[in-house]
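*Asks:* Sharing a structure, written as structure tokens. Questions coming.
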2 protein chains.
Amino acid sequence: MATGQEPVTPPEGEQRTDDAAFPADPAAPARPESADQAAELDELRDRWRRALADLDNLRKRHAKELERVRGEERARTAAAWLPVLDNLERALAHADADPSAVLKGIETVRDQAVEVLRGLGYPRHEETGVPFDPTRHEVVGVLDDPGAERNTVAQVVSPGYGADGSQLRPAFVMVSKRQE
Amino acid sequence: MATGQEPVTPPEGEQRTDDAAFPADPAAPARPESADQAAELDELRDRWRRALADLDNLRKRHAKELERVRGEERARTAAAWLPVLDNLERALAHADADPSAVLKGIETVRDQAVEVLRGLGYPRHEETGVPFDPTRHEVVGVLDDPGAERNTVAQVVSPGYGADGSQLRPAFVMVSKRQE
């Protein structure tokens, strides 16, 4: 537990039987509140046990819910790709007709795949000329470009996918290094 | 709550002050257990409140965890498709060279996509001749085929994806209807 407060097992049938050990004070008036307190004790014990049972149920329910949510999200995300695969197969089915036309169709499928990623929250990014950003770019090389600002993206080797805070993959880039 | 036991707000500073209302019994001996009981009350109250605090923390933590798991699973599932898209683009980049050869390469990309789905737990299924199974097939038509067993899959119009218990999409099929 993050709180460091592991609930302990409720004491079963806990009863005080050592009245005699309590030193009687003859000056104190008889305080017959013990019956009230006993009732309160019972009630509190009951509430505490119910809270512990709730904790236990919550843990079990949550474990199941995590599995369910994980499966749901996997299915939702995978299902978004089925139309892409369907269209790819449809295009390939006509491959014998006119390969060049088929390739045009497959370019449309590629665009559709990029749209699917955007829809899932991972827009494509492949801008050049922007400042190098370590959260979105991964440097694979350096280019000496006299005309470019230092530390800007000179060339994108492979596009990145993702928005701020959730990069699916950084763009692999060549950055400019101004000649001094 | 599934248990129907919604924990109530802990009573703040709950103290008995109506000792006088308790009927004193002169025959009963003074039972000075109230100090022990008061200590026990305090301890139980403390435990109960901690259990309620644990419950509250657990609920908050779970809500965050569900979001985290959802995002993780979405990213994991989407990332599995990036190599497919990369290869599709790589193939298209050579489209001017030899369209027929490029199409062969794209067939490999299609196979890769099918493998990705299998890896995510959604194997492709497109068998004919198998008994119609409403959990895996969706009927789009009926074929009169004298040679086929009644109620078997005669033709798959579109493949299905998924394993037992988690069908991403049923296969769309034509079923056989034996002529009587």
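*Asks:* Please work out if B:Gly141 is farther than 30 Å from A:Glu126 by Cα and either surrounded by 15 or more Cβ atoms within 10 Å (Cβ to Cβ) or free of Cβ contacts under 8 Å to residues at least 12 places away in the same chain (or both).
*Replies:* no
*Asks:* If a residue must be of a type outside the set (Val, Ile, Thr) and over 24 Å from B:Asp164 (Cα atoms), how many such residues does the range B:76-126 contain?
*Replies:* Residues flagged as of a type outside the set (Val, Ile, Thr) and over 24 Å from B:Asp164 (Cα atoms) within the range B:76-126 amount to 24.
*Asks:* Among the strands (runs of 3 or more DSSP E) lying completely within the range B:104-166, list those that include at least 3 residues that are farther than 30 Å from B:Ala78 by Cβ and not aromatic (Phe, Trp, Tyr).
*Replies:* Result: B:137-143, B:153-158.
*Asks:* Out of the range B:107-133, which residues are touching a strand residue (DSSP E or B) at 6+ places or on another chain (Cβ under 8 Å) and basic (Lys, Arg)?
*Replies:* The answer is B:Arg118, B:Arg124.
*Asks:* A follow-up question, please. Applying the selection to the range B:159-178, what residues are under 24 Å from the mean Cα position of the chain (by Cα), more than 9 Å from chain A (Cβ to nearest Cβ) and either hydrophobic (A, V, I, L, M, F, W, C) or crowded, with 20+ Cβ neighbours inside 10 Å (or both)?
*Replies:* Once the filter is applied, which keeps residues that are under 24 Å from the mean Cα position of the chain (by Cα), more than 9 Å from chain A (Cβ to nearest Cβ) and either hydrophobic (A, V, I, L, M, F, W, C) or crowded, with 20+ Cβ neighbours inside 10 Å (or both), the range B:159-178 yields B:Gly160, B:Ala163, B:Ala171.
*Asks:* Okay, moving on. Name the residues in the range A:93-120 that are more than 7 Å from every other protein chain (Cβ to nearest Cβ), over 17 Å from B:Glu89 (Cβ atoms) and surrounded by 15 or more Cβ atoms within 10 Å (Cβ to Cβ), would you?
*Replies:* Hits for the range A:93-120: nothing passes.
*Asks:* Looking at (1) within 22 Å of B:Glu67 (Cα to Cα); (2) away from chain B (no Cβ under 14 Å), which is the one condition that is false for A:Thr128?
*Replies:* (1)
Each value in this text was obtained by applying a stated rule to the coordinates, not by laboratory testing. Since this is a predicted model, take the numbers as computed values, not measurements. Neighbour counts are summed over all protein chains in view; Cβ atoms, including those assigned to glycine, are modelled from backbone coordinates with ideal geometry.
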